[in-house]
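**Student:** After the structure tokens below, expect a handful of questions from me.
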Amino acid sequence: MGAKTNVTNAGNRLKNRLPSGHATGADRAHCSHLWAIALRNRFGLFDIAEIFKKTPCVAELKPVGRYVAKDMSEVGGIPLLKKTLLDNGPLDGDRITVTGRTIAENLKSVRRNPRQDVIHPAGKPITVTGGVVGLRGNLAPEGAIVEVAGISNRRFGGRAAQDRMRIETYVGCA
């Protein structure tokens with residue numbers, strides 16, 4: 001019997017999909033797309049924000065870093081990124097993949113080249129969280145996702161204005 005893509009439920013698949021993009025310093029467009037997918041699968045904004053909070057940014061990719069995706073591919077690519085997150089981060093290696101093997105089994109042979117600096121060890125991340133964070137509070141009672149890549153001051157104050165049309169558009173996308 002062959003492997004099936006629906007071996008795990010959507011929520012568990014998302015728990016392993018979100019960190020990979022986030023660890024590259026992904027922007028809010030990436031997160032918005034995943035948010036829409038997550039909402040369709042009854043996976044909430046704060047579930048996503050918790051994963052983001054636990055996911056270090058380890059790939060030094062543009063616009064904040066010095067490298068592009070091609071550089072990451074040349075030093076080990078997504079397998080090395082996932083191995084880094086599996087060994088020291090938020091990936092669940094026991095999840096079955098379409099190969100019929102677990103994530104950990106698929107990544108067992110991946111080795112890190114210590115001379116490359118495109119993908120940092122999870123113990124020495126570029127930032128302890130990726131380029132996007134989840135917010136909650138009086139300015140965002142239902143929550144929000146905010147891009148903070150490249151921002152050193154993560155404390156903001158003052159009045160906030162809402163663009164009701166944009167909010168309804170995002171809700172409509174989900």
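The values are calculated or read from the model by the stated rules, or taken from the named source; none is laboratory data. Fair warning: this is a prediction, and the values are worked out from it, not measured in the lab. Cβ atoms come from the backbone with ideal geometry, glycine included; neighbour counts cover every protein chain shown.
**Student:** Out of the residues in region 5-45 that are within 22 Å of LYS83 (Cα to Cα) and among the hydrophobic types (A, V, I, L, M, F, W, C), which is modelled with the highest pLDDT?
**Tutor:** Checking each candidate, the answer is ALA23.
**Student:** On to the next question. Could you check region 54-84 and list, in sequence order, the residues that are hydroxyl-bearing (Ser, Thr, Tyr) and over 16 Å from ARG115 (Cβ atoms)?
**Tutor:** Hits for region 54-84 are THR55, SER73.
**Student:** Being farther than 20 Å from LYS54 by Cβ and in contact (Cβ under 8 Å) with a residue 40 or more places away in the chain is the filter; apply it to region 112-138 and report the residue that is surrounded by the most Cβ atoms within 10 Å (Cβ to Cβ).
**Tutor:** For region 112-138, the residue satisfying everything is VAL118.
**Student:** For region 101-138, name all the residues that are part of a strand (DSSP E or B) and under 16 Å from LEU61 (Cβ atoms).
**Tutor:** ILE119, THR127, VAL132
**Student:** What's the number of the only condition in (1) over 16 Å from the mean Cα position of the chain (by Cα); (2) crowded, with 17+ Cβ neighbours inside 10 Å; (3) among the basic types (Lys, Arg) that LYS82 fails to meet?
**Tutor:** Single failed check for LYS82: (1).
**Student:** Any idea which of GLY89, GLY77, GLY2, GLY93 is at pLDDT below 75 and over 18 Å from THR129 (Cβ atoms)? Give the derivation first.
**Tutor:** Details: GLY89 fails: over 18 Å from THR129 (Cβ atoms); GLY77 fails: at pLDDT below 75; GLY93 fails: at pLDDT below 75.
So the residue among GLY89, GLY77, GLY2, GLY93 that is at pLDDT below 75 and over 18 Å from THR129 (Cβ atoms) is GLY2.
**Student:** I've got another one for you. How do the helices (runs of 4 or more DSSP H) wholly within region 19-99 filter down when requiring 1 or more residues that are in contact (Cβ under 8 Å) with a residue 60 or more places away in the chain: which remain?
**Tutor:** 28-40, 45-54, 77-88
**Student:** Just one of the numbered conditions (1) over 22 Å from ILE48 (Cα atoms); (2) modelled with pLDDT under 90; (3) touching a Lys or Arg at 6+ places or on another chain (Cβ under 8 Å) is not true of THR102; which one?
**Tutor:** Every condition holds for THR102 apart from (2).
**Student:** In addition: Taking region 93-111, which residues are loosely packed, with under 15 Cβ neighbours inside 10 Å and on the phi < 0 side of the Ramachandran plot?
**Tutor:** Within region 93-111, ASP94, VAL98, THR99, ARG101, GLU105, LYS108, SER109, ARG111 qualify.
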